[in-house]
Amino acid sequence: MTAAEDRLGPTIFERSRPGRGGGKVPHPPADALARIPAGHLRAAGPRLPEVSEPELARHYTKLSQLNYAVDTGFYPLGSCTMKYNPKIDEWAARLPGFTALHPLVPDELSQGTLQLLWELEGALAEIGGMKAVTLQPAAGAQGELTGILMVRAYHHSRGDLERCEVLVPDSAHGTNPATASMAGFTTVSIPSAPDGGVDVEAFRAALGPRTAAVMITNPSTLGLFESRLCELLDAVHEAGALAYMDGANLNAIMGRFKPGEAGFDVMHINVHKTFSTPHGGGGPGAGPVGVGEKLLPFLPSPRVLRGADGRFRLEAPGERPTSIGRMRAFAGNTGVLVRAYAYIRANGGSGLREVSEDAVLAANYLKARVADLLDVPYSRPCMHEFVASSATLKTQTGIRTLDVAKRLIDYGFHPPTVYFPLTVEEALLIEPTETESIETLDLFVDALRSIVAEAHANPDLLHSAPHGSPVRRLDETAAARQPNLRWRAMTGSQTPCPD
Ligand SMILES: *Cc1c(COP(=O)(O)O)cnc(C)c1O
């Protein structure tokens, strides 16, 4: 058994021995079974693993140690803002007053939660320069859908039924074109300008009476602030279209740039990125959407309202007929929203501005140091993340971005985002975030420097990396297409087969 296999260990089922158990449970009364209606009785006992309590504790503790987490190390995954999430926000989200609240209790009994949601909407509206915010969407992608459905409702309300296109730059996150088509629009992809920014002339040429909206990510997924934004937004509005901002990268601009004031009509915010919710495991998240004056009537219902007496209530069904309706059950992912509220209150306005400034500073520091080792295609200052490329390294040594990323695992780092944005060859999208110390950033650079030296001296070492992780290179396509998610006992000649 290799060290790595030992770390993975046998499954809990393989550890099972008949009759073994943990804890001492008092014997049930003699007639316990007779008291359960026959229809609810199992025909056979459940096939549960039989292990002692320490075996159980060790099994799950070891499993948890296989995870790489921002609580254990540097996690520079670009576009995802994997920043450290203060534990006080976890404490707030676990307060029984929030966790034990039944979603169907009447408004009089949920005043505290309603007030929190109402205040959070106000804070996010202020941060984004928007008129109002809905907290319903469950993630950024659903926020996009909510925003674009409101855009559709706006055009239809004006009798403008010809607008069937959404313009999206080619550097956008894949959720942008997916959103446009889910909402029934055709996506028109617009190439980026050579400096990585949006190509305003190409946008102008594509804009017209068929354009419903443009979706702009700012700062872009290349980590760049759009330098010709005002020109672009003027052109969009002259064409009668609306401007959607993908606000996933808000961590770079808080307190410095308000998208609503700049002319964006609608924007989603990934609170699990900017406002402190752990999201490496795939959720849950939340994707609040802010709107300007034009889209106000179309916000999802029910909204949280505050009466003249200071009491809070949810809108009644049908109270606002222009609404696009409900996007998510109840008030959205409230636990995530409590974390966001706690984070915003703990930082305050000046603290949030400092967060963004530090995120930008850390990214520019790292970019300057990485430029000695890898290609850095865009020379102008970056925002909270930057794109590097190992294209030159590939030409010199045959080493690809994937090899560099896998080798970083051996050095104890989570790899950055790779092969995204699609517009940059052999891309690595690196986002250090504001929460990392300069010492950590320097250690990351040291690791990259060693890896580049290894690429020249011993490329095979990189092609076969990682060497110290519990599993090596996975077949990611098979893992996605034929997920094997359940353990099954195997006998004799059986081979593992996917469920
Ligand atoms: C993360 C991200 C999204 C999607 O957000 P989810 O919350 O993952 O659904 C959209 N656009 C950009 C630029 C992103 O980084």
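We did not get these values from a lab; they are worked out from the coordinates using the rules stated. The structure displayed is predicted, hence computed values, not measured ones. Don't worry about glycine lacking a Cβ; one is built from the backbone with ideal geometry, like all the others, and counts go over all protein chains shown.
Ratio of alpha-carbon Rg to the 2.2 N^0.38 Å globular estimate for the range 284-393, to two decimals, please. Display every interim value, and only then the final one.
On the way: Rg = 21.3 Å, N = 110, 2.2 N^0.38 = 13.1 Å.
Dividing the Cα Rg of the range 284-393 by 2.2 N^0.38 Å gives 1.62.
Taking every DSSP bridge with both residues inside the chain, close to 55 percent are antiparallel. Couplings for the range 310-317, taken from phi via the Karplus curve 6.51 cos²θ - 1.76 cosθ + 1.60 with θ = phi - 60°, read x, 7, 9, 7, 8, 3, 7, x Hz in order; Gly and Pro are left as x.
The length gained by stretching the chain between Lys87 and Leu8 to full extension, at 0.36 nm per residue less their Cα-Cα distance, is 25.6 nm.
Which links in Lys24/Lys83; Lys367/Lys394; Lys131/Lys273; Lys87/Lys367; Lys62/Lys406 stretch past 31 Å when you go from one Cα to the other?
Details: Lys24/Lys83 42 Å; Lys367/Lys394 20 Å; Lys131/Lys273 22 Å; Lys87/Lys367 29 Å; Lys62/Lys406 22 Å.
Result: Lys24/Lys83 exceed 31 Å.
Stokes-Einstein diffusion for the range 354-481, with the hydrodynamic radius set to the Kirkwood value over Cα pairs and evaluated at 10 °C in a medium of 1.306 mPa s, equals 105 µm²/s. Note on the chain: the alpha carbon radius of gyration divided by the globular reference 2.2 N^0.38 Å gives 1.11.
Return the Rg/Rh ratio of the range 1-153 with Cα-based radii and a Kirkwood Rh. If you can, show how the numbers build up before the last one.
Numbers: Rg = 24.5 Å, Rh = 22.2 Å.
In the range 1-153, Rg relative to Rh is 1.10.
Projecting the Cα positions of Thr477, His467, Ala457 onto the charge dipole of the range 409-493 (unit charges on Cβ atoms of Lys, Arg, Asp and Glu, taken about the Cα centre) puts Thr477 furthest along the positive direction. Charge tally around Leu443: other residues with Cβ under 11 Å, Lys/Arg +1 each, Asp/Glu -1 each, net -3.
Rounded to two decimals, the Cα radius of gyration of the range 87-345 over 2.2 N^0.38 Å is 1.00.
Residues in the range 31-40 carry Karplus couplings, in order, of 9, 4, 5, 5, 7, 8, x, 3, x, 9 Hz; the curve used is 6.51 cos²θ - 1.76 cosθ + 1.60 with θ = phi - 60°, and Gly or Pro positions show x. Here the range 36-92 and the range 246-288 have alpha carbon centers that stand 28 Å from each other. One way to sum up the overall shape of the range 131-215 is the equivalent ellipsoid from its Cα gyration tensor, whose semi-axes run 22, 17, 11 Å, largest first. Using θ = phi - 60° in the Karplus curve 6.51 cos²θ - 1.76 cosθ + 1.60, the 3J(HN,Hα) couplings for the range 128-134 round to x, x, 9, 7, 7, 9, 9 Hz; x is entered for Gly and Pro.
Once the other residues with Cβ under 12 Å from the Cβ of Thr395 are scored (Lys, Arg +1; Asp, Glu -1), what is the net sum?
Values: positive: Lys394, Arg400; negative: Asp375, Glu425, Glu426.
Neighbourhood net charge equals -1.
Met130 sits among other residues whose Cβ lies under 11 Å from its own Cβ, and their net charge, with Lys and Arg +1 and Asp and Glu -1, is -3.
Report summary: the helix-based calculation at 222 nm, which adds -39500 (n - 2.57) for every DSSP H run with n ≥ 4 and divides by the residues of the chain, gives -11000 deg cm²/dmol. Mind giving me the FRET efficiency for Asp31 and Ala329? R0 is 35 Å, r the Cβ-Cβ distance, nearest 0.05 is fine. Step by step, r from the Cβ atoms, then E = 0.30.
Here the range 63-191 is described by how far its Cα atoms reach on the three principal axes: 50, 45, 29 Å, from widest to narrowest.
For the range 12-64, the Cα-based Rg and Dmax, in that order, read 14.8, 40 Å.
The spacing between the range 419-490 and the range 303-357, judged by their C-alpha centroids, is 38 Å.
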